[in-house]
Each structure stands twice: as C-alpha cells, then as structure tokens.
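The values are calculated or read from the model by the stated rules, or taken from the named source; none is laboratory data. Small disclaimer: the values here were computed from a predicted structure and weren't measured. Note that each Cβ is placed from the backbone with ideal geometry, even for glycine, and that neighbours are counted across all protein chains shown. Note: areas computed on protein heavy atoms with side chains; ligands, DNA, RNA excluded. Shrake-Rupley method; radii C 1.70, N 1.55, O 1.52, S 1.80 Å.
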Amino acid sequence: QVQLVESGGGLVQPGGSLRLSCAASGFIFSRYRMTWYRQAPGKERELVATITRAADSTNYADSVKGRFTISRDNAKNTVYLQMNSLKPEDTAVYYCNAEYTNWGGVKSAYWGQGIQVTVSS
C-alpha cells in the first residue's frame, strides 16, 4: 500500500522556522522525483520545491528561494522541507508528491494527505 505521510506542520510566528517531513512507503522511493506543493485558501495548488531522485538538482518557486530548502534521504524514504524566515503568505496546506515516469512514458504519481502550516502572530 502506497503511503506518503507528512509531519512537522503547525502554527509559527512570522520569521520562525518549521521542518516538514514526508515519509514514503509502498513504492521504490529512490526512483521518484519528490515535490512539495502548497495550497492556500481560495488559491490554486502551487509548486514549492522539487528534488530529483538522486538529489543532484533542486528547484524552487521564486517566492521561497533563499528561505526554503528541500532535501531527501533515500535510505530513510523521506523528503524534507526546511522552511525559514516564514511569512504569513506561506500559510497553506502543504502536500508531498512523488512522481516517476518509466521508459515507456507511463507516469506514476502519489500524493500525501497534506499538512497545515499557519504563520501568524
């Protein structure tokens, strides 16, 4: 059974930090690109950060560059999102995504259930 379980969210004051974790099971984690998305109330889901399967490349939304860091531990089947200098506009539900496209072009994708991050004083 495939599972992506996020943890580490919560309420934090502006300027604070949180570290999200996403623990994966039920599939070969090291084959998958991992991505964090977020969705704020009334807004579309947006890509926050993504990391390749070997962790040799990362990309970030402009709004989080320099503040957020994505990383992964393939031995622990876990991807992380370190969030520093948090702003109220970072408030959203954060989702973990795993995606893999095989040589035949068939894509597999899985989603976590999401975790709330609230930045407020």
Give segment 1-19 a look and list any residue that's assigned to a strand (DSSP E or B) and either of a type in the set (V, I, T) or over 18 Å from the mean Cα position of the chain (by Cα) (or both), or say none.
V5, V12
Can you name every residue in segment 1-11 that is open to solvent by 20 Å² or more (accessible area, probe 1.4 Å) and either under 17 Å from K107 (Cβ atoms) or of a type in the set (V, I, T) (or both)?
V2, V5
Segment 20-29 - residue that is part of a strand (DSSP E or B) and small (G, A, S) and, of those, nearest to Y94 (Cα to Cα)
S21
From G104, G66, residue being exposed (fewer than 13 other Cβ atoms within 10 Å of the Cβ), assigned to a loop (DSSP other than H, G, I, E, B) and touching a Phe, Trp or Tyr at 6+ places or on another chain (Cβ under 9 Å):
G66
Reported set for segment 70-99 where residues are farther than 10 Å from C22 by Cβ and either open to solvent by 50 Å² or more (accessible area, probe 1.4 Å) or among the polar types (S, T, N, Q) (or both) is S71, N74, A75, K76, Q82, N84, S85, K87, P88, E89, T91, E99
If we keep only residues of segment 30-44 that are more than 15 Å from Y110 (Cα to Cα) and outside any strand (DSSP E or B), then the residue most open to solvent (accessible area, probe 1.4 Å) is E44
The residue that is farthest from V64 (Cα to Cα), considering only those in segment 76-111 that are among the aliphatic types (A, V, I, L, M) and without any contact (Cβ under 8 Å) to a residue 40 or more places away in the chain, is V106
Limited to segment 19-29, what total is found for residues that are more than 21 Å from D62 (Cα to Cα) and surrounded by 14 or more Cβ atoms within 10 Å (Cβ to Cβ)?
6
Would you confirm, using the coordinates I've provided, whether E89 is outside any loop (DSSP other than H, G, I, E, B), within 21 Å of Q116 (Cβ to Cβ), under 12 Å from the mean Cα position of the chain (by Cα) and of a type in the set (D, E)?
no
Going through segment 45-59 one residue at a time, which ones are part of a loop (DSSP other than H, G, I, E, B) and acidic (D, E)?
D56
Going through V79, V106, V119 one at a time, which residue ends up being hydrophobic (A, V, I, L, M, F, W, C) and in contact with a Gly (Cβ under 9 Å, 6 or more places away or on another chain)?
V119
